[in-house]
1. I'd like to verify a number: residues in segment B:129-184 that are more than 10 Å from every other protein chain (Cβ to nearest Cβ), assigned to a strand (DSSP E or B) and of a type in the set (D, E, K, R), how many?
2. Can you find even one residue in segment A:265-288 that is β-branched (Val, Ile, Thr), touching a Gly at 6+ places or on another chain (Cβ under 7 Å) and more than 9 Å from every other protein chain (Cβ to nearest Cβ)?
3. Can you find, within segment A:34-82, the residue that is surrounded by the fewest Cβ atoms within 10 Å (Cβ to Cβ) among those that are among the aliphatic types (A, V, I, L, M) and within 24 Å of A:HIS215 (Cα to Cα)?
4. If we scan segment A:70-79, do we find a residue that is outside any strand (DSSP E or B), more than 10 Å from chain B (Cβ to nearest Cβ) and modelled with pLDDT under 95?
5. Select from segment A:145-160 the residues that are over 13 Å from A:SER125 (Cβ atoms) and either modelled with pLDDT of 95 or more or touching a Cys at 6+ places or on another chain (Cβ under 9 Å) (or both) and list them in ascending order.
6. Can you tell me which residue within segment A:93-112, out of those that are at the interface with chain B (Cβ under 7 Å from one of its Cβ atoms) and free of Cβ contacts under 8 Å to residues at least 12 places away in the same chain, is farthest from A:LEU165 (Cα to Cα)?
7. If you take the residues in segment A:113-157 that are of a type in the set (A, V, I, L, M) and within 14 Å of chain B (Cβ to nearest Cβ), which one is nearest to B:ALA101 (Cα to Cα)?
8. Taking the criterion of being over 19 Å from the mean Cα position of the chain (by Cα) and modelled with pLDDT under 95, would at least one residue in segment B:111-124 satisfy it?
Amino acid sequence: MIYKNALFLLVIILAFPLFGADYYIDDIYNAEEIGRGNVEGFSTSSQGIWSNPASLKNVKNISVGLYSAKFMDSDVNYNNYTASFKLKSFKIGVGYYDVRSSDIEKNSLDDSGEAITDSSYSLSSSITKIAIQKPMKEWGSVGAALSRYKYSGYNLTGKGYGLDLGGILSIPIKKRIETISISTTFKNIIPQKVDYSNGSSEKIPSSLVLSGSVHFLQEFEAYIQRSIHFKKAQLSGVGLSYRPRFIPGRAMSFSLGRNTYFNQNDASEIHSVFSTGVGLHLLGFEFHFAYQNDPNSYSEKQFYYTSVINF
Amino acid sequence: MKYLSLFLVLFMTISVTAKPLIIESSQFQAGSEHTSSSISEQHSIRGDTASFQPLELRSSAFGFLGFDVEDEDILETYFISEEPDLLVQESLIVIGDFKVAPSPVTQGRTSYFCYRLGNDQDVSILIYNRRGQLIESRAINSGVSPGGQAGYQKVPIDTASDYSAGLYFAFLKVDGEVKRTKFEIQP
């Protein structure tokens, strides 16, 4: 059965249409995942809907999450809010992701050809997501997420839709290695685009993300990921998390990771990023802090925060 | 296990507290006009720490914040009488603002990095996306046109092939002076 599924997956990968992708989507939404190499698919909260909707299987009943990050001296603010809850035989998740920047100069050239500032404006781009997850026996989970993209800037608005499909397969072993899990997500599986009020459009990028995790020695989890961005590049991520038993209630976790990303305008230019994370787990409350070191960025040291309530 | 957790905590502490390799924020805030009424900009004009110190002491004597026009005049006199050559030389590096125009610009149309140089200078322009990831770095040698000559400079941006739509941040670096602006390329 597993071999048939693997073959089916391979056929889909090979048959997947290649097309250009221009709409810029940040691939970082969750401090928990960032801290372990941005490996997706194994979140334990509603924040998982940004990476793999099937990961909602890890949520017990209700989960509410907040994420925050700032870039360019707080000139660009990233926030997202998620919630998920359990119904009879499936789980529902919703999320809102927002990027904002203000005081952008509206400039033009005067008669002498010199730049002048006419006014200033703000822009925002957002993603609204609704996801559904259904367990498949004890070992599997599938999920789907519908995304609505929205852009608002100077005299221009845009909107578009995308569909993500995800699956997670967990194989219990119960020796020193307790569980092996495999996560697969097709992002924007049906090629879509964002349409703008000036008549132009941009294709929404598609990607296939394959991730694996191995839970071993009761306290450790190792992660590996390969993502294929069609007509762009192949990216990777590895990570390790450690949740020690000697801390009462196993209230803390620590992680390390490394992942790659490509230049927004030149996919052949790949950069590596190292990250570490720490998590606090207390009575259903989770706080995740992640730190990334990226020498290719304006701020080499980057910080991310996610707060989650699970109950 | 305990040793491993201690190692992880130690590693994270060192990683987070290590000194960043970023350009000092004062450089990004550097003003170029010596007539600026802001004390913080005056500090930046003077550049290094050695010249910063006497300015702070002097300005404290006048009341560091909220000085009146008369005090400001005295400060100006102080600068010029103390280090006139330095002041004149630095104020001629980049005169006025650094802008991108037109902005927002529709993808495929040409926009320009606009600035005025006091004299021929080596110039570098760094462009970052909204996540702060470096997209492009341009170096323009002194005397090269456009970009490195004295006078008003308009360095073209090829929005058709070099950039996808989005918000970008540009930094102009000339002889240690850094100016910043942001611009948008629309689809």
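The values are calculated or read from the model by the stated rules, or taken from the named source; none is laboratory data. Because the structure is predicted, anything quoted here is derived from the model rather than measured. Cβ: placed from backbone, ideal geometry, glycine included. Neighbour counts: every protein chain shown.
1. Count: 5.
2. no
3. Per the stated criteria, the residue is A:VAL59.
4. yes
5. Within segment A:145-160, A:ALA145, A:LEU146 meet the criteria.
6. The qualifying residue farthest from A:LEU165 (Cα to Cα) is A:LEU109.
7. It comes out as A:ALA115.
8. yes
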